[in-house]
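Engineer: Mind having a look at this structure? Questions to follow.
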Amino acid sequence: MDFSQKYPRQISLENFGEKGQKRLGKTRVCIVGAGGVGSGAIPLLAACGLKKLSILDFDKVSESNLHRQTIYKLSDVSKPKARLAAKFCQELNPQTDFEAHIVKIEDSPACEKYFSGADIVIDACDSFASRSAVSEICRRLKKPVIMAAAGGYVSQITLLNEGFYFGELVGDASAKKEGAEGRPIFPPAAALSGVLAAGVAIKSAAQNLKIEGGRFLNFDHVKMKFFEGSLLRQAPRV
């Protein structure tokens with residue numbers, strides 16, 4: 001493929017180039033959740049030139065989703081999100097391999113197969129139970145996770161890797177069972193979380209950078225402010 005024809009604006013970036021584009025072409029990303037946050041990430045991941053993008057989601061489109069899940073149309077209501085998202089991606093960039101899995105992720109050996117081939121995992125789930133399951137699977141498989149979330153007017157990403165996983169971050173076991181249905185959400189907050197997660201994944205792959213577990217970034221859309229921080233390392237699990 002002639003990268004200069006398809007991707008000239010990104011390969012001309014400093015520290016990117018054709019070498020970075022070739023690295024992207026060997027990278028496999030798995031995104032869990034094709035909702036509001038996923039809708040912010042999926043088009044960018046589809047278009048950038050990855051080797052493979054796997055999309056996992058068990059839900060169907062509803063009309064109340066459409067104000068923030070902008071890769072879907074009104075005619076998509078009641079259809080599986082994962083399948084629709086993969087179709088959207090295929091039409092955008094047929095050179096990348098796209099897979100759709102209509103599955104509810106649980107912390108079980110049966111679900112590990114969806115993650116085992118991925119180089120980077122993006123967690124765009126909307127419940128603590130799902131986040132916990134993704135994190136535990138990736139901890140066992142030693143996969144880096146970009147956890148993207150949004151609530152109210154706030155966008156957030158948290159990087160998980162090597163000692164920084166969800167189980168170490170949330171001490172209250174009951175919190176891991178909390179659902180997301182009905183929580184207020186500012187649509188641009190969900191979209192920005194997905195954009196930030198895609199940015200970390202693409203840059204890390206293209207520049208061969210390690211995803212640094214324990215870092216997080218918030219953006220408050222009311223105050224128009226970013227907040228960046230690092231989490232303290234916990235004692236090793238036994």
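Engineer: Among 31-43, 124-136, how do they line up by average Cβ neighbours within 10 Å per residue, starting with the highest?
Structural biologist: Those peptides, ordered most packed to least, come out 31-43, 124-136.
Engineer: At a 10 angstrom cut-off on C-beta neighbours, averaged per residue, how do the peptides 76-84, 11-19, 185-193 rank from highest to lowest?
Structural biologist: 185-193, 76-84, 11-19
Engineer: Computed over the Cα atoms of region 36-133, what is the ratio Rg over Rh, Rh following Kirkwood? Display every interim value, and only then the final one.
Structural biologist: Working: Rg = 13.2 Å, Rh = 14.0 Å.
Across region 36-133, the Cα-based Rg/Rh ratio is 0.94.
Engineer: I need the phi-derived Karplus couplings for region 63-73: 6.51 cos²θ - 1.76 cosθ + 1.60, θ = phi - 60°, integer Hz, Gly and Pro marked x.
Structural biologist: 4, 6, 7, 5, 5, 10, 9, 7, 8, 10, 10
Engineer: Charges only on Cβ, +1 for Lys and Arg, -1 for Asp and Glu: so what's the dipole of the chain about the Cα centre, in debye to the nearest 20?
Structural biologist: Working: 33 positive and 25 negative charges, 91 e Å.
Dipole about the Cα centre, nearest 20: 440 debye.
Engineer: Averaging sequence separations of C-alpha pairs under 8 Å and six or more residues apart, then dividing by the length of region 14-230, give the relative contact order as a whole percent.
Structural biologist: 24
Engineer: If I build a Gaussian network model for the chain, linking alpha-carbon pairs within less than 10 angstrom, which residue out of GLY182, GLY213, GLY194 has the largest mean-square fluctuation?
Structural biologist: GLY182
Engineer: How long is the gain from HIS67 to LEU13 if the chain were fully straight, where each residue apart is worth 0.36 nm and the alpha carbon distance is subtracted?
Structural biologist: Working it through step by step, the gained length comes to 16.1 nm.
Engineer: Please give the length that would be gained between GLN207 and LYS87 if that part of the chain were fully extended, namely 0.36 nm times their separation in residues minus their C-alpha to C-alpha distance (nm, one decimal). Intermediate results must be reported in sequence, preceding the final value.
Structural biologist: Values: separation 120, 0.36 × 120 = 43.20 nm, distance 2.84 nm.
That pair, GLN207 and LYS87, stretches by 40.4 nm at full extension.
Engineer: If R0 is 41 Å, what FRET efficiency do you get for GLU112 and LYS225 from their C-beta distance, rounded to 0.05?
Structural biologist: 0.60
Engineer: Still on this structure, please answer the following. If you take every DSSP beta bridge whose two residues both sit in the chain, what share of them, in percent to the nearest 5, is antiparallel?
Structural biologist: About 55 percent, rounded to the nearest 5.
Engineer: Can you find, among LEU160, ASN208, LEU56, the residue farthest towards the positive end of the dipole of the chain? Put +1 on the C-beta of Lys and Arg, -1 on that of Asp and Glu.
Structural biologist: ASN208
Engineer: Using Cα positions and a limit of under 27 Å, work out the lysines in reach of LYS142, with same-chain residues fewer than 8 apart set aside.
Structural biologist: Cα-Cα hits under 27 Å: LYS19, LYS22, LYS26, LYS51, LYS52, LYS104, LYS113, LYS176, LYS177, LYS203, LYS210.
Engineer: Over 25 Å, how big is the tail of the calculated P(r) for the chain, in percent of all Cα pairs?
Structural biologist: 39
Read-outs: derived from the displayed coordinates by stated rules, not from any lab. None of these values were measured; they are calculated from a predicted model. With ideal geometry, Cβ positions are generated from the backbone for all residues, glycine too; neighbour counts draw on all protein chains shown.
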